[in-house]
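Here the structure is laid out as structure tokens; the discussion comes afterwards.
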Amino acid sequence: MPLSSPCVRLSFAVALLGAGLSRAEDVAATVESAHDVAPRNYGNLRIGASTSSSRPTLCLELSPLERFSVEACGNGSGFLHHEDEPEVAHFRAHFMLTSWKTPLGWLQPRVNAGFAELQLGADGSGFHFEGTGPSGVETAGPEVGASLRALLPVSAGFELVGELGLGAAYFHHAPRLLQPQAAFQPTASFTLGVGF
């Protein structure tokens, strides 16, 4: 049968159409699976409220690995303001347990561990785990906690980030501060921000 016959051309067209549909299905499956993967958050800056401070809490988080991140949270004492207010600053590492897709974005439960610094006045230099600071207004100790983070992709690799967290710090030397404090300090926080 010559190549120019209508049957050969029709067979060739059907084969091309079938290959094209198969390729389109592959592309659609790839796009669909891309939507089923949580966005990779490399860093975020959040602000909110915490039971450990009467001022707004600011958190900066960086994530060198997909499931692992480090974070610092506090009210900015020493660089955003110089008011002598009690606060607990947090320095912790997060480990993401899993990630769930929801209609509004992704929910990610996480556990964390690190240390916290309790200060009642002006923040001095360094952290004091073996006692109180020279002025008797600060001490540091271990902290553990858990949080639920929400990621909502907005555009071009940026996400809205929200986090609800609970934690507990233990300050062995808190009863020896100028104004004695409880050694066990639980905290709860809620922060919102933007990440990439």
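LEU107 - would you say it is closer than 30 Å to VAL37 by Cα, hydrophobic (A, V, I, L, M, F, W, C), open to solvent by 30 Å² or more (accessible area, probe 1.4 Å) and free of Cβ contacts under 8 Å to residues at least 40 places away in the same chain? No. Selection over region 51-91 of residues that are under 12 Å from the mean Cα position of the chain (by Cα), closer than 19 Å to PHE129 by Cβ and in contact (Cβ under 8 Å) with a residue 60 or more places away in the chain gives a count of 1. Considering region 141-162, the residues that are more than 24 Å from PHE190 (Cβ to Cβ) and not polar (S, T, N, Q) include one that is surrounded by the most Cβ atoms within 10 Å (Cβ to Cβ), namely GLY157. Residues that are closer than 20 Å to GLY195 by Cα and assigned to a strand (DSSP E or B): does region 113-133 have at least one? No, the conditions are met nowhere in region 113-133. Within the bounds of region 170-187, is there any residue that is modelled with pLDDT of 95 or more, surrounded by fewer than 18 Cβ atoms within 10 Å (Cβ to Cβ) and over 18 Å from VAL88 (Cβ atoms)? No, region 170-187 contains no residue that is modelled with pLDDT of 95 or more, surrounded by fewer than 18 Cβ atoms within 10 Å (Cβ to Cβ) and over 18 Å from VAL88 (Cβ atoms).
If you go through region 79-101 and pick out every residue that is more than 25 Å from GLN185 (Cβ to Cβ) and either open to solvent by 100 Å² or more (accessible area, probe 1.4 Å) or modelled with pLDDT under 95 (or both), you end up with 2.
The values are calculated or read from the model by the stated rules, or taken from the named source; none is laboratory data. Keep in mind that this is a model prediction, so the values were computed, not measured. Using ideal geometry, Cβ is built from the backbone for each residue, glycine included, and neighbour counts are taken over all protein chains shown. Ligands, DNA and RNA are excluded from the accessible area calculation, which covers all protein heavy atoms including side chains. Shrake-Rupley method; radii C 1.70, N 1.55, O 1.52, S 1.80 Å.
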